[in-house]
1. Could you tally the net charge around residue 82, taking each other residue with its Cβ under 15 Å from the Cβ of residue 82, Lys/Arg +1 and Asp/Glu -1?
2. How large is ³J(HN,Hα), in whole Hz, for each residue of the stretch 50-63 in order, when computed from phi with the Karplus curve 6.51 cos²θ - 1.76 cosθ + 1.60 and θ = phi - 60°, using x for Gly and Pro?
3. For the Cα atoms of the chain, what angle does the longest principal axis make with the long axis of helix 103-132, in degrees from 0 to 90, nearest 10?
4. Out of residues 5 or more away from residue 4 or on other chains, whose amide H comes under 5 Å of its own, with H placed 1.01 Å from N in the peptide plane?
5. At 7 Å along the Cα-to-beta-carbon direction for both residue 78 and residue 1, put a label point, then send me their distance in nm to one decimal.
6. Which of 87, 19, 76 ends up with the largest GNM mean-square fluctuation for the chain, with Cα atoms connected below 10 Å?
7. Report the calculated FRET efficiency for residue 35 and residue 99 (r = Cβ-Cβ distance, R0 = 30 Å), to the nearest 0.05.
8. With n ≥ 4 as the cut-off for DSSP H runs, can you work out [θ] at 222 nm for the chain, using -39500 (n - 2.57) per run divided by the number of residues, rounded to the nearest 500?
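Throughout, read-outs are computed from the coordinates displayed, never taken from laboratory work. Keep in mind the model is a prediction, meaning the values are calculated, not measured. Every residue, glycine among them, receives a Cβ derived from its backbone with ideal geometry; neighbour counts consider all protein chains shown.
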Amino acid sequence: MKQQYSFVTVILLTIVTCGIYGYYFIYKATKDLNDLGGNDGGQMDPSMTILLTVVTCGFYQYYWYYKQGNRMQKLGAANEVKVDENGSSYLIWMILGVIVCGLGIYVAEYMFINNLNKLIEKYNMVQMGGMNQPQM
């Protein structure tokens, strides 16, 4: 079973650790989305994601949210999970966040975590359902 994320915990730990936990969240979310998506063609290497985010001074993170947001919307449609936002939604909120005192970044992060949790919940339900069925 995959563990769901708490928006408040992610934000607080990111602040307390001066941003280090934010990198861990991206790493872990990338691994989870790779597991959730299976062979959907959208896999990203978690270590490379962190490396590119650091090397580009955080700009790669915007691309990551965009790509993973689009991927989550496709996964939601394929698994009958309502995911309203796509990558463009996260990107717009993050760019607005830079302009408007950083608040838009928190909106994007909240939407992302909320949608990721919906997909994880569905994944866990399917996994638990598969474990309870008898082997033939």
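1. Net local charge, residue 82 excluded: -1.
2. Those phi angles translate into 5, 4, 5, 5, 5, 5, 8, 6, x, 5, 4, 4, 4, 4 Hz.
3. Compared with the principal axis, the helix lies near 10 degrees.
4. HN-HN under 5 Å from residue 4: empty list.
5. Taking the simple label geometry, residue 78 and residue 1 are separated by 2.5 nm.
6. 19
7. Efficiency computed from Cβ-Cβ geometry: 0.30.
8. -25000 deg cm²/dmol, from helical runs alone.
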